[in-house]
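Read the structure below first, then the notes.
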Amino acid sequence: MTETPQRPLRVLAAMSGGVDSAVAAARAAEAGHDVTGVHLALSANPQSFRTGARGCCTLEDSRDARRAADVIGIPFYVWDLAERFREDVVDDFVAEYEAGRTPNPCLRCNEKIKFAALLDKALALGFDAVCTGHYAQVIRGADGARELHRASDMAKDQSYVLGVLDERQLAHALFPLGDTTTTKDEIRAEAERRGLAVAKKPDSHDICFIADGDTQGFLASRLGKAEGDIVDESGTKLGTHEGAYGYTIGQRKGLRIGTPAPDGKPRYVLDISPVNNTVTVGPVDALDVTALTAIKPRWCGTPPTGSGSYTAQLRAHGDETPVTAELADDALEITFTEPVRGVAPGQAVVLYDGTRVVGSATIATTRRASAVA
């Protein structure tokens, strides 16, 4: 069960303007905590309105969060973290793609913004904890240390993007939605019962700072066009591209290769090389990854020692897969029990022991049965 604080806390509730964070703030207040709502202004030039269900950084979202705070009956503020967000999340996102890697900006935002910049400021102002609408659980283990666990409802679990939080940050984190087994429709019904106007508001998705969902266009506007070759595994040129940053490992669509493969089967992106600006494509079997090395590990508690058996998750909505993992020279060596596909440098690999999140690391290199790595 999620740890229940023994005393009322001073809680800073991060309110995006969506239904989950609003219900989380309401539940925290209902539990008797002294709650203050805060909306993070993460865009230097926010749009007035959302584009469909994308993004969470518009003036409309700020107003929705304020209205929700008024209904809950808690103080509300807007904090400008746009410059920090640009440096730590947006610039990092662009730099990673430029280097041929595939980053996860939501994970980076949790690490650098919500549970670093926001949490540090909250603690300095005398708050005890930061509350968010994430679906995950903080549980006190047998040794008294706090652990991060999956949400009760696996369909809504968001522990993957929280795998960068260390024990100190977990000690000051509240996730009021984490132990709920209700459906999203029931969360919306709860919001409606509470009189929250965001009850029927669409969920945000994709990348919040790319409102139209055009990641390739966003990168091109910042990195410019850089024409290069698309080649097969033997190095034979098959076509051209306008920027290697516009491709990800495992991509099938949008390759614009005029010449069909000899076997007539689809080809996939196998490798992205920013050094010579080439994109290598090949058959789907060549995507099979048997092992990887991950760097910059962050542990949700005490770091593991020696080799151990875990399950790993490689993307936010991906499945778990059995692995063995060992920490060596501050890098994590992971071997898969069965080959997996679509693994790209820059992604996060998150290790689990049952429902407990052990930690997270950034994929640096992969090893495959084929020659391309």
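Reported count of residues in region 27-57, each being modelled with pLDDT under 95 and either of a type in the set (Phe, Trp, Tyr) or open to solvent by less than 40 Å² (accessible area, probe 1.4 Å) (or both), is 9. Only one of the listed residues (Asp353, Asp330) is within 28 Å of Tyr135 (Cα to Cα), touching a Pro at 6+ places or on another chain (Cβ under 9 Å) and among the acidic types (Asp, Glu). That residue is Asp353. For region 275-293, filtered to residues that are in contact (Cβ under 8 Å) with a residue 40 or more places away in the chain and open to solvent by 50 Å² or more (accessible area, probe 1.4 Å), the residue that is farthest from Pro322 (Cα to Cα) is Asn276.
Conditions (1) open to solvent by 60 Å² or more (accessible area, probe 1.4 Å); (2) farther than 30 Å from Leu81 by Cβ; (3) among the small types (Gly, Ala, Ser); (4) at pLDDT 90 or above, marked per residue:
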{"residue": "Leu219", "(1), (2), (3), (4)": "no, no, no, yes"}
{"residue": "Gly228", "(1), (2), (3), (4)": "no, yes, yes, yes"}
{"residue": "Ala244", "(1), (2), (3), (4)": "no, yes, yes, yes"}
{"residue": "Tyr247", "(1), (2), (3), (4)": "no, yes, no, yes"}
{"residue": "Lys253", "(1), (2), (3), (4)": "yes, yes, no, no"}
{"residue": "Ala261", "(1), (2), (3), (4)": "no, yes, yes, no"}
{"residue": "Leu270", "(1), (2), (3), (4)": "no, yes, no, yes"}
{"residue": "Ser273", "(1), (2), (3), (4)": "no, yes, yes, yes"}
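Kindly provide the set of residues from region 98-113 that are among the basic types (Lys, Arg) and either in the same structural domain as Ile249 (by TED's automatic domain parsing) or part of a helix (DSSP H, G or I) (or both), ordered by number. Correct list: Arg108, Lys112.
For region 294-320, enumerate the residues that are open to solvent by less than 20 Å² (accessible area, probe 1.4 Å) and part of a strand (DSSP E or B). The answer is Ala294, Gly308, Ala312, Gln313. Taken together, Phe76, Phe85 contain a single residue that is at pLDDT 95 or above and not small (Gly, Ala, Ser), which is Phe76.
Of all residues in region 230-242, those that are surrounded by fewer than 17 Cβ atoms within 10 Å (Cβ to Cβ) and within 19 Å of Val94 (Cβ to Cβ) total 1. Taking region 58-88 as the range and being open to solvent by 60 Å² or more (accessible area, probe 1.4 Å) and part of a helix (DSSP H, G or I) as the test, the residues that pass are Leu59, Arg63, Arg66, Arg67, Asp70, Val71, Glu83, Arg84, Arg86, Glu87. Candidates Asp263, Asp229: the one that is in contact with a strand residue (DSSP E or B) (Cβ under 6 Å, 6 or more places away or on another chain), farther than 26 Å from Ser360 by Cα and not assigned by TED's automatic domain parsing to the domain that holds Cys106 is Asp229. For region 291-311, the candidate set comprises residues that are under 20 Å from the mean Cα position of the chain (by Cα) and small (Gly, Ala, Ser); within that set, the residue that is farthest from Gln169 (Cα to Cα) is Ala294.
Filtered by the rule that a residue be more than 14 Å from the chain's Cα centre (by Cα) and assigned to a helix (DSSP H, G or I), region 150-184 gives Met154, Ala155, Glu167, Arg168, Gln169, Leu170, Lys184. One residue alone among Val269, Val323 is more than 18 Å from Glu227 (Cα to Cα), free of Cβ contacts under 8 Å to residues at least 40 places away in the same chain and touching a strand residue (DSSP E or B) at 6+ places or on another chain (Cβ under 9 Å), and that residue is Val323.
The single residue among Ala116, Ala95 that is in a helix (DSSP H, G or I) and open to solvent by less than 20 Å² (accessible area, probe 1.4 Å) turns out to be Ala116.
Checked against (1) outside any helix (DSSP H, G or I); (2) open to solvent by less than 40 Å² (accessible area, probe 1.4 Å); (3) touching a residue at least 60 places away in the same chain (Cβ under 8 Å), Ile187 passes all but a single condition, namely (1). The single condition among (1) outside any loop (DSSP other than H, G, I, E, B); (2) of a type outside the set (Gly, Ala, Ser); (3) outside the structural domain of Asp61 (by TED's automatic domain parsing); (4) out of contact with any Gly (no Cβ under 9 Å at 6 or more places or on another chain) that Gln216 does not satisfy is (4). Scoring Gly195 on the criteria (1) surrounded by fewer than 22 Cβ atoms within 10 Å (Cβ to Cβ); (2) in a helix (DSSP H, G or I) leaves a single failure, condition (2).
The values are calculated or read from the model by the stated rules, or taken from the named source; none is laboratory data. Computed from a predicted structure; not experimentally measured. All Cβ positions, glycine included, derive from the backbone under ideal geometry; neighbour counts span all protein chains shown. Just so you know, the surface numbers come from the protein's heavy atoms only, side chains and all, with ligands and any DNA or RNA stripped out. Shrake-Rupley method; radii C 1.70, N 1.55, O 1.52, S 1.80 Å.
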